[in-house]
């Protein structure tokens, strides 16, 4: 059997994907990549390799070499940039990439472009203005990098939004509970299912979350309208807020998202759907979303008698505490 390559294994998305792959127990070798040789995901991989950042010139050639060397049948990107660059260069790679087409991954990288695209199609999205064009339209603002991720460099109600460069975007601050909705679109373009959770964040990552069903009708209609306009494929994620004007998205991640390890335990295993459809060429299991919640905690991977530079992969002597 061919192997599966997971990118960004140092981040929470990649680590969740790895745990879900191990739980599937299909006897496949797992190749992990990251911009650092040693990171939190090493212990879940058969082989780990350091690669450049996705936007660097030799990234695709490095991934291509690894795919050929290890007979990779599927690449699962865990970062937005890798989803875009891998989908853009799919024709040069010897295997499938779990990502939407580049015309979709491109605008999902950029919150301003995402807003502009959705506005043209009459789809809801947090109103977004470039700082150079901002005229004080909002009573409250949130200023964030257009291509930011993980809630980095976000400022709520900064005194002078126009002082930021146009690599940032000014959005109307949305007051209300935050939702994260993962949805899976089959390669045929049909919606396979979705799961919505209310969540709280710490340092940009979900710290606690709970499955909710009360918004399913509205969110289901929203997703179907989105995929009717744009060729989303595979697993994607909508971040939104419940406001007095309805549910309004403020970011879309065109990839498997960070709560994939939680979702798989609550009836929505989008990592498994990805592997079943793209790697095993089987119809994905039907989602069975159920009531539940989760809390994120920190665990330690301990390597007795090893320096950091000696850490390799799952064959190391380690224990989790």
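Take the alpha carbon atoms of the chain, find their radius of gyration, then divide it by 2.2 N^0.38 Å using N residues; give the quotient.
1.00
Between residue 285 and residue 315, how many nm apart are label points set 7 Å from Cα along the C-beta direction?
Label at residue 285, label at residue 315, 3.1 nm between them.
Going highest first, how would you order 278-288, 261-271, 112-122 by mean Cβ packing within 10 Å?
With the highest mean Cβ count within 10 Å placed first, the list reads 261-271, 112-122, 278-288.
Sort 71-79, 29-37, 292-300 by the packing proxy (mean of other Cβ within 10 Å over each peptide's residues), most packed first.
71-79, 29-37, 292-300
Mind checking the full-extension length gain between residue 29 and residue 133? Use 0.36 nm per residue of separation minus the Cα-Cα distance, one decimal, nm. Intermediate results must be reported in sequence, preceding the final value.
Values: separation 104, 0.36 × 104 = 37.44 nm, distance 5.05 nm.
Here the answer is 32.4 nm.
I want to make sure I understand the PRE zone here: with the label point 7 angstrom from the Cα of residue 265 toward its beta carbon, which residues in the stretch 175-202 have backbone N atoms less than 13 Å away?
No residue passes the distance filter.
Place a point 7 Å from Cα of residue 152 in the direction of its Cβ. Which residues in the stretch 61-105 have their backbone N less than 18 Å from it?
Answer for this model: 78-85.
Mind giving me the nanometre distance, one decimal, between the label points for residue 162 and residue 218, set 7 Å out from Cα along Cα→Cβ?
Using points 7 Å along Cα→Cβ, the separation is 3.4 nm.
Taking the stretch 127-172 as the region of interest, what is the percent of Cα-Cα pairs per 10 angstrom bin, listed from the shortest bin to the one with the maximum distance?
Whole-percent P(r) values from 0 Å outward: 32, 61, 7.
I'd like the distance between the alpha-carbon centres of the stretch 199-273 and the stretch 30-70, rounded to an integer number of Å.
So the two Cα centres are separated by 27 Å.
Explain nothing, just the number: relative contact order of the chain, from Cα pairs under 8 Å at least 6 residues apart, as a whole percent.
Answer for the chain is 18 percent.
Rounded to two decimals, what is Rg over Rh for the stretch 3-99 when you use alpha-carbon atoms and the Kirkwood radius?
We get a ratio of 0.92 for the stretch 3-99.
We did not get these values from a lab; they are worked out from the coordinates using the rules stated. Quantities reported herein were computed from a predicted structural model and do not represent experimental measurements. Cβ coordinates were reconstructed from backbone atoms using ideal geometry, including for glycine residues, and neighbour counts include every protein chain displayed.
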